[in-house]
Amino acid sequence: MSPAKFTQTLFGRTGLTITLAFLVFSLFAVLVNVTLILRPIERQAADDLAALIELSTKTWVELPPATRTDFEREMRKSHQLRIYEAENQIAEYEDDKAYLIALVDSLENRIGKPVPLRKMNFSDDWLWVDIPIASRVLRIGFEAERMEVQIPLALVLTVVMGTLIVTLVSLVLVRRITKPLARLVEATTTLGQAQDHVQVPEEGPSELAELARGFNRMHTQVRELLTNRTTLLAGVSHDLRTPIARVRLAVELLPSEQKSELEQGILDDLEEMDNLIGQAMEFARSLGDSSKVMTVDVGALLLEIVEGYARGGHAVRLTAESGCVGELSSNALRRVTTNLLDNAVRYSHEQPVELSCESDTGSVIIRIADRGPGIPEAFRRVAFDPFWRMESSRNPSTGGSGLGLAVVKQLSDANGWEIKLGESVIYGGLEVTLRLPLSTDE
């Protein structure tokens, strides 16, 4: 999943929010600790060392010469300080560490004279200060790493590790919450479709478990409702054909001397009723279509359909790219394409219909363009409603029953296809675009 899509998910947004919140908190905590705790401790430690250096120099001067060596040894052992009388000059040493700066400032305040840091050579691990006292200059040394606490590194590690640990823990917790929601979102895509429904696990926190339980109950009710509707519609359509067949038989059995234009009119009406019932049954079957998904060469399937129209004397021209292959329901695609082509042929007034197939990123796109009057943009949304027709007289000679596009819409929704009505820029009539997703980007 790309970062952009990840940040659009509930899991990504929640995890990112918690991470950023803890990062801001960590930076604030670091600022407070450095300002109110670490800096004062650092200054106090520098002042304590300065006081020890001052006291050591005064003590050394006041001691008898015979005992000064013991004193120097004791200072080295107990306080890691080296003291001796300076006999030569050594180079000054500059350092920007806050502790050393505070130490120099404290010594200068106590002695009243400049006290620069000194270092004998580059590889020396000791720093020195020369303290003038009683016409002498005492050189006091201490280890350069006396306060080598690496505060910046410690703060960075604290922030980074704290943020990492909190982020991982928060992501685990958020995942436990969002995973049931993700399963629920995935299950909603099958709601009202002909796909087999897998029960959402009723587990997790009580609120999410109750939500999953309610969704499963609702999904079962919707499927039962759709099944009952399909069965009712198909049953009524089927049962109507029996009296129609009896009326047609009665008309055929009339004596020849009683046959007239009225008989032919009755037969034509019966034929139209039978066609309407056939289309209603097709619509009913589309509501519960569960065709098997298989690998389909869409170009070859369209070529087979076009050849059937050619045998019927209808001009349908096919342009198909290579690579139009995917996992889909061939029966559903055949019915959708046939219904669309029937409309295109009906309204093209014997002019050629253009059928094309091309492969796009993760999709196959089918376009059908005719040279008819088209459908105004204001009516394209309702054009898929059952029994809707542009021409309201219901005259069979000016159009169909209004179920063709409804069947197309039902089958497209059931298979996750996208269908769009538009205007053909080249041919001026209606252009139908059918997009068949071949894979989903998780």
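Each value in this text was obtained by applying a stated rule to the coordinates, not by laboratory testing. Keep in mind that this is a model prediction, so the values were computed, not measured. Every residue, glycine as well, gets a Cβ built from its backbone with ideal geometry; the counts of neighbours run over all protein chains shown.
Under 27 Å of direct C-alpha separation, and excluding same-chain neighbours fewer than eight residues apart, Lys292 reaches these lysines: Lys409, Lys420. Report the number of Lys pairs in segment 3-151 whose alpha-carbons are under 23 Å apart, with separation of 8 or more residues or on distinct chains. Taking segment 3-151 as the scope, the lysine pair count is 6.
Going by neighbour counts of Cβ atoms within 10 Å, the residues Val316, Val104 line up, fewest first, as Val104, Val316. Taking all Cα pairs closer than 8 Å and separated by 6 or more residues, the relative contact order of segment 290-442 comes to 23 percent. Each Lys or Arg adds one and each Asp or Glu subtracts one; over the other residues with Cβ under 13 Å from the Cβ of Glu74, this totals +3. Extending 7 Å from Cα along the Cβ direction at Ile101 and again at Thr9 yields two label points whose distance is 4.8 nm.
Each of Asn109 and Ile177 was given a label point 7 Å from its Cα along the Cα-to-Cβ line. The distance between the two points is 5.1 nm.
Modelled this way, with points 7 Å down the Cα-to-C-beta line, the labels at Asp342 and Ala300 are 2.6 nm from one another.
Please compute the length gained on full extension between Ala209 and Arg248, using 0.36 nm multiplied by the number of residues separating them and subtracting their Cα-Cα distance. List each step's numbers first, then the result.
Details: separation 39, 0.36 × 39 = 14.04 nm, distance 5.88 nm.
This chain segment gains 8.2 nm when fully extended.
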